[in-house]
1. Can you confirm whether L118 is surrounded by 13 or more Cβ atoms within 10 Å (Cβ to Cβ), in contact with a helix residue (DSSP H, G or I) (Cβ under 8 Å, 6 or more places away or on another chain) and in contact (Cβ under 8 Å) with a residue 60 or more places away in the chain?
2. Evaluate region 91-103: report whether one residue or more is assigned to a helix (DSSP H, G or I), modelled with pLDDT under 95 and either touching a Lys or Arg at 6+ places or on another chain (Cβ under 6 Å) or farther than 16 Å from E143 by Cα (or both).
3. Kindly check whether there is at least one residue in region 181-193 that is of a type in the set (A, V, I, L, M, F, W, C), surrounded by fewer than 18 Cβ atoms within 10 Å (Cβ to Cβ) and at pLDDT 80 or above.
4. Do we have L88 as within 25 Å of the chain's Cα centre (by Cα) and at pLDDT below 90 here?
5. Look at A77 and say whether it is free of Cβ contacts under 8 Å to residues at least 24 places away in the same chain, not aromatic (F, W, Y) and not in a strand (DSSP E or B).
6. Evaluate the following for F160: is it surrounded by 13 or more Cβ atoms within 10 Å (Cβ to Cβ) and of a type in the set (F, W, Y)?
7. Considering only region 61-75, how many residues are buried (at least 16 other Cβ atoms within 10 Å of the Cβ) and either of a type in the set (S, T, Y) or at pLDDT 90 or above (or both)?
Amino acid sequence: MAESAPLLRVYRFTPIEGSNPSLSATSVWVGLFLMVLVLCSGCDNKQENNIQWQLPLQAPEDAHQSDSNAALPEWAAAREGQVDLVFLHKNTARKSVVSVVKGQQVSFQHWKIRVLGLAQGLRIKSGAFLDDKNVHNAAAFVELVRDGKLMYHGWLFQEFPELFGLDNPSWKVWLKDMTIQPVEEKIGSLSSAG
(Lines give C-alpha, C1' and ligand atoms only; values in the text may rest on other atoms or scores of the structure.)
Protein backbone atom coordinates (compact mmCIF):
# COMPACT_ATOMS: atom_id res chain seq x y z
CA MET A 1 0.00 0.00 0.00
CA ALA A 2 1.35 3.37 -0.99
CA GLU A 3 1.79 5.90 1.74
CA SER A 4 -0.43 8.97 1.28
CA ALA A 5 1.01 12.46 1.36
CA PRO A 6 0.75 14.22 4.71
CA LEU A 7 -2.12 16.69 5.03
CA LEU A 8 -0.22 19.14 7.16
CA ARG A 9 3.46 19.78 7.08
CA VAL A 10 5.16 21.12 10.13
CA TYR A 11 8.15 23.33 9.54
CA ARG A 12 10.79 23.74 12.05
CA PHE A 13 12.49 27.03 12.31
CA THR A 14 16.15 27.04 12.99
CA PRO A 15 16.97 29.86 15.31
CA ILE A 16 19.42 32.41 14.09
CA GLU A 17 22.53 32.55 16.13
CA GLY A 18 22.13 34.99 19.00
CA SER A 19 18.34 35.30 18.65
CA ASN A 20 15.62 34.46 21.10
CA PRO A 21 13.62 31.42 19.78
CA SER A 22 10.37 32.41 21.48
CA LEU A 23 10.65 35.88 19.95
CA SER A 24 11.05 34.37 16.46
CA ALA A 25 7.85 32.29 16.84
CA THR A 26 5.98 35.35 18.07
CA SER A 27 7.23 37.32 15.09
CA VAL A 28 5.94 34.65 12.73
CA TRP A 29 2.50 34.65 14.35
CA VAL A 30 2.34 38.44 14.32
CA GLY A 31 3.35 38.43 10.65
CA LEU A 32 0.65 35.90 9.79
CA PHE A 33 -1.96 37.89 11.72
CA LEU A 34 -0.99 41.10 9.92
CA MET A 35 -1.17 39.36 6.55
CA VAL A 36 -4.69 38.07 7.31
CA LEU A 37 -5.73 41.56 8.40
CA VAL A 38 -4.42 43.11 5.19
CA LEU A 39 -6.20 40.52 3.06
CA CYS A 40 -9.50 40.94 4.94
CA SER A 41 -9.40 44.73 4.88
CA GLY A 42 -9.37 44.58 1.09
CA CYS A 43 -12.80 42.90 1.28
CA ASP A 44 -14.30 45.86 3.17
CA ASN A 45 -13.42 48.29 0.39
CA LYS A 46 -15.42 46.33 -2.15
CA GLN A 47 -18.25 48.47 -3.53
CA GLU A 48 -21.69 47.18 -2.64
CA ASN A 49 -24.11 46.49 -5.48
CA ASN A 50 -27.69 46.57 -4.25
CA ILE A 51 -30.15 44.34 -6.00
CA GLN A 52 -33.58 45.91 -6.58
CA TRP A 53 -35.29 43.75 -3.96
CA GLN A 54 -32.67 44.68 -1.38
CA LEU A 55 -33.35 48.40 -1.62
CA PRO A 56 -35.49 49.93 1.14
CA LEU A 57 -39.20 49.80 0.42
CA GLN A 58 -40.86 53.06 -0.53
CA ALA A 59 -44.59 53.29 -1.06
CA PRO A 60 -45.50 54.50 -4.54
CA GLU A 61 -47.55 57.66 -4.67
CA ASP A 62 -51.19 56.72 -4.30
CA ALA A 63 -53.54 58.58 -6.63
CA HIS A 64 -56.45 57.79 -4.27
CA GLN A 65 -55.07 59.65 -1.28
CA SER A 66 -56.18 63.05 -0.03
CA ASP A 67 -54.57 66.06 -1.65
CA SER A 68 -55.60 69.61 -0.84
CA ASN A 69 -54.47 70.63 -4.36
CA ALA A 70 -56.27 67.78 -6.14
CA ALA A 71 -57.98 68.95 -9.30
CA LEU A 72 -61.62 68.08 -9.74
CA PRO A 73 -62.40 66.88 -13.30
CA GLU A 74 -65.05 68.99 -15.10
CA TRP A 75 -67.22 65.95 -15.84
CA ALA A 76 -67.35 65.10 -12.10
CA ALA A 77 -68.27 68.67 -11.11
CA ALA A 78 -71.09 68.69 -13.71
CA ARG A 79 -72.79 65.62 -12.19
CA GLU A 80 -75.73 66.11 -9.80
CA GLY A 81 -76.77 63.71 -7.09
CA GLN A 82 -76.60 62.76 -3.44
CA VAL A 83 -74.30 60.64 -1.29
CA ASP A 84 -74.51 58.92 2.07
CA LEU A 85 -71.28 59.13 4.07
CA VAL A 86 -70.52 57.01 7.12
CA PHE A 87 -68.66 58.70 9.97
CA LEU A 88 -67.13 56.27 12.47
CA HIS A 89 -65.86 57.73 15.74
CA LYS A 90 -63.18 55.21 16.65
CA ASN A 91 -63.06 56.00 20.37
CA THR A 92 -66.77 55.29 20.90
CA ALA A 93 -67.33 52.92 17.92
CA ARG A 94 -70.39 55.03 17.06
CA LYS A 95 -71.37 55.19 13.38
CA SER A 96 -73.46 57.93 11.85
CA VAL A 97 -74.74 58.19 8.28
CA VAL A 98 -74.90 61.70 6.82
CA SER A 99 -76.70 62.45 3.52
CA VAL A 100 -75.23 65.25 1.43
CA VAL A 101 -76.54 66.72 -1.83
CA LYS A 102 -73.77 67.67 -4.25
CA GLY A 103 -73.00 71.38 -4.07
CA GLN A 104 -74.54 71.92 -0.64
CA GLN A 105 -72.70 72.14 2.67
CA VAL A 106 -73.90 70.04 5.59
CA SER A 107 -72.86 70.45 9.23
CA PHE A 108 -72.50 67.42 11.49
CA GLN A 109 -70.81 67.34 14.94
CA HIS A 110 -68.13 70.00 14.27
CA TRP A 111 -67.82 68.79 10.65
CA LYS A 112 -68.50 70.83 7.51
CA ILE A 113 -69.10 68.46 4.59
CA ARG A 114 -69.29 69.36 0.90
CA VAL A 115 -69.58 67.04 -2.08
CA LEU A 116 -67.88 68.67 -5.06
CA GLY A 117 -68.11 65.94 -7.71
CA LEU A 118 -69.50 62.50 -8.50
CA ALA A 119 -68.38 59.54 -10.59
CA GLN A 120 -70.44 56.55 -11.57
CA GLY A 121 -67.41 54.37 -12.28
CA LEU A 122 -64.10 56.01 -11.47
CA ARG A 123 -60.90 54.67 -12.89
CA ILE A 124 -57.42 56.07 -13.27
CA LYS A 125 -55.48 55.87 -16.52
CA SER A 126 -52.04 57.46 -16.88
CA GLY A 127 -52.71 59.67 -13.86
CA ALA A 128 -56.01 61.00 -15.24
CA PHE A 129 -59.38 60.27 -13.63
CA LEU A 130 -61.99 58.87 -16.02
CA ASP A 131 -65.68 58.10 -15.56
CA ASP A 132 -66.25 54.64 -17.00
CA LYS A 133 -69.80 53.25 -16.73
CA ASN A 134 -68.42 49.74 -17.24
CA VAL A 135 -66.42 49.97 -14.01
CA HIS A 136 -68.28 49.35 -10.76
CA ASN A 137 -66.45 51.93 -8.65
CA ALA A 138 -68.78 54.74 -7.56
CA ALA A 139 -66.91 57.67 -6.02
CA ALA A 140 -67.53 61.14 -4.62
CA PHE A 141 -65.06 64.02 -4.51
CA VAL A 142 -65.51 65.52 -1.04
CA GLU A 143 -64.15 68.20 1.23
CA LEU A 144 -64.23 67.45 4.96
CA VAL A 145 -63.45 70.23 7.44
CA ARG A 146 -63.45 69.75 11.22
CA ASP A 147 -63.20 72.69 13.63
CA GLY A 148 -62.02 74.93 10.78
CA LYS A 149 -59.21 72.56 9.72
CA LEU A 150 -59.25 70.80 6.33
CA MET A 151 -59.14 67.08 7.17
CA TYR A 152 -59.72 65.55 3.74
CA HIS A 153 -59.99 66.78 0.16
CA GLY A 154 -60.28 64.09 -2.50
CA TRP A 155 -62.14 61.00 -3.65
CA LEU A 156 -64.09 58.64 -1.41
CA PHE A 157 -64.87 55.27 -2.98
CA GLN A 158 -67.82 53.00 -2.39
CA GLU A 159 -65.78 49.88 -3.06
CA PHE A 160 -63.07 48.95 -0.54
CA PRO A 161 -63.92 51.74 1.94
CA GLU A 162 -61.40 50.35 4.41
CA LEU A 163 -58.55 51.22 2.02
CA PHE A 164 -59.42 54.76 0.92
CA GLY A 165 -60.76 57.90 2.53
CA LEU A 166 -60.19 59.83 5.72
CA ASP A 167 -58.43 57.74 8.30
CA ASN A 168 -57.02 59.47 11.34
CA PRO A 169 -56.66 58.32 14.97
CA SER A 170 -60.21 59.40 15.90
CA TRP A 171 -62.29 59.19 12.72
CA LYS A 172 -62.85 57.00 9.68
CA VAL A 173 -65.12 58.26 6.88
CA TRP A 174 -66.26 56.35 3.81
CA LEU A 175 -68.87 56.44 1.04
CA LYS A 176 -71.81 54.16 1.76
CA ASP A 177 -74.20 54.94 -1.09
CA MET A 178 -74.63 57.34 -3.98
CA THR A 179 -77.44 58.42 -6.30
CA ILE A 180 -76.53 60.24 -9.49
CA GLN A 181 -79.21 62.19 -11.30
CA PRO A 182 -79.27 61.20 -14.98
CA VAL A 183 -78.24 63.95 -17.38
CA GLU A 184 -81.64 63.78 -19.16
CA GLU A 185 -83.54 64.55 -15.93
CA LYS A 186 -81.30 67.51 -15.27
CA ILE A 187 -81.92 68.95 -18.75
CA GLY A 188 -85.69 68.29 -18.41
CA SER A 189 -85.88 70.02 -15.03
CA LEU A 190 -84.03 73.05 -16.42
CA SER A 191 -86.39 73.41 -19.41
CA SER A 192 -89.52 73.05 -17.20
CA ALA A 193 -88.18 75.70 -14.80
CA GLY A 194 -87.74 78.23 -17.67
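1. Values: surrounded by 13 or more Cβ atoms within 10 Å (Cβ to Cβ): yes; in contact with a helix residue (DSSP H, G or I) (Cβ under 8 Å, 6 or more places away or on another chain): yes; in contact (Cβ under 8 Å) with a residue 60 or more places away in the chain: yes.
Yes: the conditions hold for L118.
2. No - not one qualifying residue is present in region 91-103.
3. Here is the first cut: in region 181-193, the residues of a type in the set (A, V, I, L, M, F, W, C) are 183, 187, 190, 193.
If we keep only those that are surrounded by fewer than 18 Cβ atoms within 10 Å (Cβ to Cβ) too, we end up with 183, 187, 190, 193.
From the residues that got through so far, the ones that are at pLDDT 80 or above too are none.
Scanning region 181-193, I find no residue that is of a type in the set (A, V, I, L, M, F, W, C), surrounded by fewer than 18 Cβ atoms within 10 Å (Cβ to Cβ) and at pLDDT 80 or above, so the answer is no.
4. On the way: within 25 Å of the chain's Cα centre (by Cα): yes; at pLDDT below 90: no.
Judged against the criteria, L88 is not a match.
5. On the way: free of Cβ contacts under 8 Å to residues at least 24 places away in the same chain: no; not aromatic (F, W, Y): yes; not in a strand (DSSP E or B): yes.
For A77, the condition - free of Cβ contacts under 8 Å to residues at least 24 places away in the same chain, not aromatic (F, W, Y) and not in a strand (DSSP E or B) - is not met.
6. Values: surrounded by 13 or more Cβ atoms within 10 Å (Cβ to Cβ): no; of a type in the set (F, W, Y): yes.
Judged against the criteria, F160 is not a match.
7. Here the count works out to 1.
The values are calculated or read from the model by the stated rules, or taken from the named source; none is laboratory data. Because the structure is a prediction, the values reported are computed rather than measured. All Cβ positions, glycine included, derive from the backbone under ideal geometry; neighbour counts span all protein chains shown.
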